[in-house]
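Only the coordinates and a few stated rules stand behind these numbers; no lab work does. Treat the numbers as computed from the prediction; the structure is a model and nothing was measured. Counting neighbours? That spans all protein chains shown, and the Cβs are built from the backbone with ideal geometry, glycine included.
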Amino acid sequence: MAETTAPTVLPRGFRGAQEGWPELHRIPRPPYRVPLAGDVIGSSKDTPVQDSMRLARRLGPIFRRNAFGKEFVLVAGADLAADLADEARFAKHVGLGVANLRQLAGDGLFTAYNHEPNWQLAHDVLAPGFSREAMAGYHTMMLAVAERLTGHWDRAAGAGRAVDVPGDMTKLTLETIARTGFGHDFGSFERSRPHPFVTAMIGTLDYAQRLNAVPAPLAPLLLRRAGRRNAADIGRLHRIVDEVVRIRRADGGGEGDLLDRMLDTAHPDSGERLSPENVRRQVITFLIAGHETTSGALSFALHFLSLNPGVADRARAEVDRVWGGSAAPGYEQVAKLRYVRRVLDESLRLWPTAPAYAREARADTVLAGEHPMRRGAWTMVLTPMLHRDPAVWGPDPERFDPDRFDAPAVRSRPPHTYKPFGTGARACIGRQFALHEATLVLGLLLRRYELRPDPGYRLRVTERLTLMPEGLRLRPERRPAPAPAPAGPSAD
Ligand code: MNH
């Protein structure tokens with residue numbers, strides 16, 4: 001079948017692989033292609049990642065897909081992903097889903113093109129907000145938000161009710177980033193329905209994903225209603241963040257949190273500050289990036305804990321041993337939960353909640369010595385398949401096993417085989433924040449509850465650029481409080 005040609009109107013940031021990959025024909029593709037529509041057989045607009053995972057299983061470590069003449073290359077194998085991690089030859093590519101978010105977040109930190117000056121400016125101004133000292137400062141607020149969650153779960157446990165795990169984790173992580181980063185309280189736990197910020201955010205993430213499933217030139221036509229709803233969602237998000245900023249300005253400053261950095265902090269060298277327009281983009285970026293993926297990570301981890309009682313017992317024993325009966329574990333006591341952290345690492349291996357990242361060639365190069373790429377050509381790393389490459393993870397990569405992350409096992413693996421937070425200069429700035437928050441919360445929940453699965457639940461993963469275990473419910477049961485910590489130095 002003849003290759004379809006690229007449409008003449010491309011969304012910004014999209015370059016078809018037809019131009020950038022001179023030996024594209026050597027890269028496997030699905031056997032059945034529909035003229036114009038492309039590889040639509042057996043694929044759904046709602047599950048692009050899981051469809052790509054199926055294709056990877058059939059086609060191997062590198063393959064291509066075509067939708068409406070948009071041809072792109074996906075990488076699922078560890079050797080190829082390791083080569084793409086070479087920052088001298090490759091950089092972040094803002095394409096597909098990420099490019100579709102530029103309507104919302106423009107040159108905010110996540111969606112900025114590498115060449116946009118506001119990336120480096122915002123990166124340098126905001127990075128100290130993720131230093132160790134800054135993180136230690138967030139800890140008490142994180143604990144306070146977690147107590148709202150346990151209050152809610154205590155009531156459910158008392159009534160023998162199941163809890164809505166993704167819904168509750170979203171309340172928790174949104175409140176956490178809003179309070180620590182912006183001194184703002186969205187009142188999520190007092191609401192019976194999600195905060196309008198969350199509803200509008202889900203709308204825009206979903207729309208950004210759907211934009212990939214229609215031919216670009218026809219998007220305004222085919223998605224007219226959805227496009228109008230998306231514009232309304234963006235307007236709603238803008239109004240919410242403008243209010244957060246207005247309150248801060250009226251208060252005359254906060255206590256040196258992320259928002260203070262965005263508003264008042266000059267670049268250490270150039271003295272430059274973020275413009276009001278850019279501040280708005282950063283606030284939206286951090287409120288979304290700062291909670292949606294952490295919520296998914298916690299939800300998947302709780303799912304796996306509920307299905308693996310042996311793992312849960314071991315993790316719980318660690319929490320009891322390290323934290324004892326201390327009502328409020330200190331900052332330092334969180335990083336000591338080594339096994340709980342491995343549970344999280346292993347959950348993010350199987351279901352990395354930001355499931356792909358794109359890389360582009362800085363100059364003409366040959367990927368892994370085999371696939372020539374022209375300058376600007378790009379590919380997507382399909383993280384869930386990178387994390388299942390049997391050459392790295394062994395013959396049974398689907399098995400949930402936190403011991404894959406004990407120190408000797410990690411040392412025995414080649415570098416660049418585990419990438420839930422992306423790679424290089426544009427990797428996640430909030431990684432330590434997310435890991436601290438999630439480890440703390442898992443520790444608190446394990447210590448307080450047994451997590452009973454809903455016997456009828458089968459994992460279904462929803463996609464809205466990010467991944468989430470759809471409809472996951474658990475039945476928390478209070479367990480007796482552990483004995484107070486023994487006096488004197490502990491064995492840990
Ligand atoms: Mn986060 C970039 C995953 C938590 C803020 N994040 C990325 C990337 C991945 C990612 C992958 C790289 C994307 C790309 O290459 O296109 N992030 C995660 C995951 C979690 C997460 C799996 C939780 C688990 N992220 C957080 C938190 C914050 C945050 C928490 C903020 C408090 N992330 C960002 C920002 C970027 C980013 C900002 C963009 C960084 C840059 O480009 O400089």
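When the residues of the range 335-353 are narrowed to those that are within 24 Å of Ala425 (Cβ to Cβ) and surrounded by 23 or more Cβ atoms within 10 Å (Cβ to Cβ), which ends up farthest from the ligand (Cβ to nearest atom)? Only one residue fits best here, namely Arg349. The residues of the range 180-190 that are away from the ligand (no atom under 12 Å from the Cβ) and either free of Cβ contacts under 8 Å to residues at least 12 places away in the same chain or assigned to a helix (DSSP H, G or I) (or both), listed by number, are Asp185, Gly187, Ser188, Phe189, Glu190.
Checked against the criterion of being more than 10 Å from the ligand (Cβ to nearest atom) and either assigned to a helix (DSSP H, G or I) or over 18 Å from Gly424 (Cα atoms) (or both), the range 84-92 contains one or more residues that satisfy it. Do we find a residue being surrounded by 21 or more Cβ atoms within 10 Å (Cβ to Cβ) and away from the ligand (no atom under 16 Å from the Cβ) anywhere in the range 475-487? Yes, some residue in the range 475-487 is surrounded by 21 or more Cβ atoms within 10 Å (Cβ to Cβ) and away from the ligand (no atom under 16 Å from the Cβ).
Annotation note: of Gly203, Gly235, Gly158, the sole residue that is surrounded by fewer than 21 Cβ atoms within 10 Å (Cβ to Cβ), part of a helix (DSSP H, G or I) and under 20 Å from the mean Cα position of the chain (by Cα) is Gly203.
Among what's in the range 66-83 and is out of contact with any helix residue (DSSP H, G or I) (no Cβ under 7 Å at 6 or more places or on another chain) and in a strand (DSSP E or B), pick the residue that is farthest from Arg362 (Cα to Cα).
Among those residues, the one meeting the criterion is Ala67.
Selection over the range 368-379 of residues that are buried (at least 23 other Cβ atoms within 10 Å of the Cβ) and either of a type outside the set (Phe, Trp, Tyr) or more than 13 Å from the ligand (Cβ to nearest atom) (or both) gives a count of 3. Out of (1) under 16 Å from Asp79 (Cβ atoms); (2) away from the ligand (no atom under 11 Å from the Cβ); (3) buried (at least 21 other Cβ atoms within 10 Å of the Cβ); (4) not β-branched (Val, Ile, Thr), the odd one out for Gly443 is which? Of (1) under 16 Å from Asp79 (Cβ atoms); (2) away from the ligand (no atom under 11 Å from the Cβ); (3) buried (at least 21 other Cβ atoms within 10 Å of the Cβ); (4) not β-branched (Val, Ile, Thr), only one is false for Gly443: (1).
Of all residues in the range 403-424, which are in a helix (DSSP H, G or I), under 21 Å from Val340 (Cβ atoms) and within 16 Å of the ligand (Cβ to nearest atom)? Across the range 403-424, the qualifying residue is only Phe405. Pairs meeting the criteria (first residue in the range 315-334 and on the phi > 0 side of the Ramachandran plot and surrounded by 13 or more Cβ atoms within 10 Å (Cβ to Cβ), second residue part of a helix (DSSP H, G or I) and of a type in the set (Val, Ile, Thr), beta carbons under 6 Å, at least 6 apart or on different chains) are lacking. Go through the range 287-314 and give me each residue that's within 8 Å of the ligand (Cβ to nearest atom) and either among the charged types (D, E, K, R) or not in a helix (DSSP H, G or I) (or both). Within the range 287-314, Gly290, His291 meet the criteria.
Against the criterion of being assigned to a loop (DSSP other than H, G, I, E, B) and in contact with a strand residue (DSSP E or B) (Cβ under 6 Å, 6 or more places away or on another chain), Thr379 does not qualify. Sub-9 Å Cβ pairs linking a first residue in the range 286-299 that is farther than 13 Å from Gly430 by Cβ to a second residue that is near the ligand (Cβ under 6 Å from one of its atoms) and among the small types (Gly, Ala, Ser), at least 6 apart or interchain, are Gly296/Ala354, ordered by first then second residue. What residue, among those in the range 295-314 that are within 27 Å of Val381 (Cβ to Cβ) and hydrophobic (A, V, I, L, M, F, W, C), is surrounded by the fewest Cβ atoms within 10 Å (Cβ to Cβ)? In this case the residue turns out to be Phe304.
Val145 fulfils the conditions (1) crowded, with 20+ Cβ neighbours inside 10 Å; (2) within 12 Å of the ligand (Cβ to nearest atom) except for a single criterion, (2).
Condition check ((1) surrounded by fewer than 21 Cβ atoms within 10 Å (Cβ to Cβ); (2) out of contact with any Asp or Glu (no Cβ under 9 Å at 6 or more places or on another chain); (3) touching a residue at least 60 places away in the same chain (Cβ under 8 Å); (4) of a type in the set (Asp, Glu)) across all residues:
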residue	(1), (2), (3), (4)
Asn66	no, no, yes, no
Glu71	no, no, yes, yes
Leu74	no, yes, yes, no
Leu84	no, yes, yes, no
His93	no, no, yes, no
Leu101	no, yes, yes, no
Leu104	no, no, yes, no
Gly108	no, yes, yes, no
Asn114	yes, no, yes, no
